[in-house]
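The values are calculated or read from the model by the stated rules, or taken from the named source; none is laboratory data. Fair warning: this is a prediction, and the values are worked out from it, not measured in the lab. Heads up, the Cβs are rebuilt from the backbone with ideal geometry, glycines too, and the neighbour counts pull from every protein chain shown. The protein model used for the area step is the full one, side chains on, heavy atoms only, and it has no ligands, DNA or RNA in it. Shrake-Rupley method; radii C 1.70, N 1.55, O 1.52, S 1.80 Å.
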Amino acid sequence: NLLRELLNEAGNNKRRLANLKSRKEVVEEKIKYIYVDSKADKRKSKNPDVEKIIEEGIIFYENKQYADAKSKFYEALRIEVDNPYANAYLASTLFEENPDDDKNITESSKRCSEALKENNTIIIAHITLGKIYYLKGLKDDALTKFHEVVRLDPNNYLSCYYSGKIYYDKKEYKKARL
């Protein structure tokens, strides 16, 4: 009986370890995603205070602490009204916080568009717009956004996933596999 309990516990520990490894891989991918986004323009602001506020907001965003993230991005925008990174991350935060809220979707779309007017290489803005278009059933528009992300970062797993999903939905199975 004790041996059975020990074997069960060992099996549980193996599952926990596998789960932790899987989580670690997801976190590493997210870190890579942030890194690639910031590679296009290493500085998110000419103002070091705004830069710090945005970086703090990104950390909250990545940890799904959306209220704190929003607060930081709004703070950055009070100082630097048209900052494209603050707008892009605020847009993504609003969308991720509640993707079913039409008001959030409208504001997210507006802020992504503003960010991309200033800097068309901000990956998170393209991804957020792609997700919004996908949610609204605008699959061709969503594909355009996800293809733009792949052009900027060929290894972006999120855009590849959504592109494949859209092609699958459209029954374009060969394209879905690519």
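So is residue 153 within 25 Å of residue 64 (Cα to Cα), free of Cβ contacts under 8 Å to residues at least 12 places away in the same chain and either crowded, with 20+ Cβ neighbours inside 10 Å or not aromatic (Phe, Trp, Tyr) (or both) or not? Give the derivation first.
Values: within 25 Å of residue 64 (Cα to Cα): yes; free of Cβ contacts under 8 Å to residues at least 12 places away in the same chain: no; either crowded, with 20+ Cβ neighbours inside 10 Å or not aromatic (Phe, Trp, Tyr) (or both): yes.
Here the answer is no, as residue 153 does not meet what is asked.
Exactly one of (1) closer than 19 Å to residue 176 by Cβ; (2) in contact (Cβ under 8 Å) with a residue 24 or more places away in the chain; (3) surrounded by fewer than 16 Cβ atoms within 10 Å (Cβ to Cβ) is unmet by residue 161. Its number?
Looking at each condition in turn, residue 161 falls short on (2).
Return yes or no: is residue 128 touching a Lys or Arg at 6+ places or on another chain (Cβ under 8 Å) and closer than 23 Å to residue 54 by Cα?
Here the answer is no, as residue 128 does not meet what is asked.
Tell me which residues, restricted to the range 124-147, are within 12 Å of residue 112 (Cβ to Cβ) and either touching a Leu at 6+ places or on another chain (Cβ under 6 Å) or open to solvent by less than 50 Å² (accessible area, probe 1.4 Å) (or both).
Looking only at the range 124-147, we keep the residues that are within 12 Å of residue 112 (Cβ to Cβ), and these are 124-133, 145.
Passing the criteria: 124, 125, 126, 127, 128, 129, 130, 131, 132, 145.
For residues in the range 44-88 being among the aliphatic types (A, V, I, L, M) and open to solvent by 50 Å² or more (accessible area, probe 1.4 Å), which is nearest to residue 119 (Cα to Cα)?
Among them, the one singled out is 81.
Picking from 130, 137, which residue would you name as being small (Gly, Ala, Ser) and part of a loop (DSSP other than H, G, I, E, B)? Lay out the reasoning, then the answer.
Values: 130 fails: part of a loop (DSSP other than H, G, I, E, B).
Residue meeting the stated conditions: 137.
Of everything in the range 89-104, what is surrounded by 16 or more Cβ atoms within 10 Å (Cβ to Cβ) and out of contact with any Ser or Thr (no Cβ under 7 Å at 6 or more places or on another chain)? Give them in sequence order. Even if it seems obvious, please write down each step before you answer.
Pass one, the range 89-104, residues surrounded by 16 or more Cβ atoms within 10 Å (Cβ to Cβ): 89-97, 104.
Result: 89, 90, 93, 96, 97, 104.
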